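Following: one structure in structure tokens, then a few remarks.
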Amino acid sequence: MVDPKRKNFLSFKGVNLFKPNLKELYEGINGGFDSFSTENTMEAMKRLQEKLKPK
């Protein structure tokens, strides 16, 4: 399980549980989103899953 911080955000490929808060999620994927909308959050989570390939 990982509660990531920005400087090592994408260093945990294949973990079972990855638990960033919303701010950490948006900052960690550098998605360029301008708001914490449901649509943006779903897209950010999709991008994160593609990068980390969690179990």
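Bear in mind that the values in this text are calculations on the coordinates, not laboratory data. What you are looking at is a predicted structure, and each value in this text was computed from that prediction instead of being measured. Reconstructed Cβ throughout: ideal geometry from the backbone, glycine too, with neighbour counts over all protein chains shown.
Sketch the reach of a paramagnetic label on residue 41 as a point 7 Å from Cα along Cα-to-Cβ, and name the residues of segment 1-25 whose backbone nitrogen lies under 18 Å away.
Label zone hits: 4, 18-25.
Using the Cα centre of the chain as origin and beta-carbon charges of +1 (Lys, Arg) and -1 (Asp, Glu), tell me which of 33, 11, 48 is placed farthest towards the positive end of the dipole.
11
Please give the charge dipole size of the chain, origin at the Cα centre, charges +1 on K and R Cβ atoms and -1 on D and E Cβ atoms. Round to the nearest 20 debye. Write down the numbers at each step before the final one.
On the way: 11 positive and 7 negative charges, 74 e Å.
Dipole size: approximately 360 debye.
Whole percent per 5 Å bin, from 0 to the bin with the longest distance: what is P(r) over all C-alpha pairs of segment 13-52?
The distribution over segment 13-52 is 6, 24, 40, 20, 8, 2, given as percents.
Going Cα to Cα from residue 13, which aspartates and glutamates come in below 15 Å? Please leave out same-chain ones fewer than 8 positions away.
Output for residue 13: 3, 50.
Sorted by average packing, counted as other Cβ atoms within 10 angstrom per residue and highest first, what order do 29-38, 43-52 take? Could the numbers behind the result be given before it?
Working: 29-38: 11.4, 43-52: 14.6.
Packing proxy ranking, top to bottom: 43-52, 29-38.
Taking H placed 1.01 Å from N in the peptide plane, check which residues at least 5 places from residue 18 or on another chain put their amide H under 5 Å from its amide H.
2
Taking θ as phi - 60°, what are the ³J(HN,Hα) couplings along segment 35-46 by the Karplus curve (6.51, -1.76, 1.60), each to the nearest whole Hz, with x for Gly and Pro?
7, 8, 7, 4, 4, 5, 5, 4, 5, 5, 5, 4
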